[in-house]
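FYI, it's all coordinate maths here, none of it is from the lab. Computed from a predicted model, the values in this text were never measured in an experiment. Here the Cβ is made from the backbone with ideal geometry for all residues, glycine too, and neighbour counts use every protein chain on show.
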Amino acid sequence: MTVKLETTIQRFIGDTADSKPTGVRVGSTYLDRQTSILYTTYDGTNWVAKSTIAKLAANSGVDIGDVDVLSIAAGTNLIGKVGIDQTTPGTTNKVIADPVAATPTPYNLTLTNADTEYSQAMPANCRKFWFQCRSAVDVRYAYVTGKVAASTAPFITMKAGGYAESPAIAQGAAPSTIYLASAIAGVVIEFEAWV
């Protein structure tokens with residue numbers, strides 16, 4: 001492969017059945033919102049998963065240090081400290097047995113007035129969310145009130161054409177609220193949250 005210079009990349013979001021774009025900038029990304037797999041392009045046309053996890057074949061006989069995986073019986077055996085001592089998923093260690101969010105919920109929030117703070121609460125038990133501006137406009141956002149209307153630090157600027165995305169989260173019954181403002185009136189923010 002020839003070395004390619006990665007310049008300003010483009011970020012795309014779509015569904016599993018959608019065709020990934022071609023003729024885009026090297027290093028651009030494509031988020032499959034149904035599987036949460038992030039792909040990158042190394043040549044502007046071909047797409048590969050950004051992180052690929054290798055899985056050993058069953059009974060491969062691979063030796064991990066002094067432990068032969070073929071000699072470990074199925075069941076509750078632990079190798080070192082690998083277990084999670086938790087009875088109710090999501091309570092003790094914030095570990096959720098099914099990290100893949102199954103139910104997406106869309107929200108639209110209109111920032112009616114310029115430089116005025118608006119808020120959107122994520123749903124209870126939210127596992128992941130992302131948002132973008134429907135039009136090509138910079139938008140300020142924060143996770144605490146009183147920061148975005150008058151541009152009082154700390155806040156984050158989502159640049160025109162960009163989007164913001166959370167990592168996998170376990171919020172429980174007290175979800176996050178996102179506070180937003182824009183210098184342009186009438187801007188619509190599109191959210192998608194998974195529960």
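Structure data summary
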{"item": "Efficiency of FRET between T45 and A124 - r from beta-carbon atoms, R0 35 angstrom, step 0.05", "result": "0.25"}
{"item": "Local electrostatic count, G161, Cβ distance below 14 Å [Lys/Arg +1, Asp/Glu -1]", "result": "+2"}
{"item": "Distance between modelled label sites at I13 and V26, nm, 7 Å Cα→Cβ extension", "result": "2.8"}
{"item": "Within region 132-192, chymotrypsin sites (Phe, Trp or Tyr not before Pro) in DSSP loop having at most 15 other beta-carbon neighbours inside 10 Å", "result": "Y143"}
{"item": "For A114, net neighbour charge (Lys/Arg +1, Asp/Glu -1) across residues whose Cβ lies under 14 Å away", "result": "-2"}
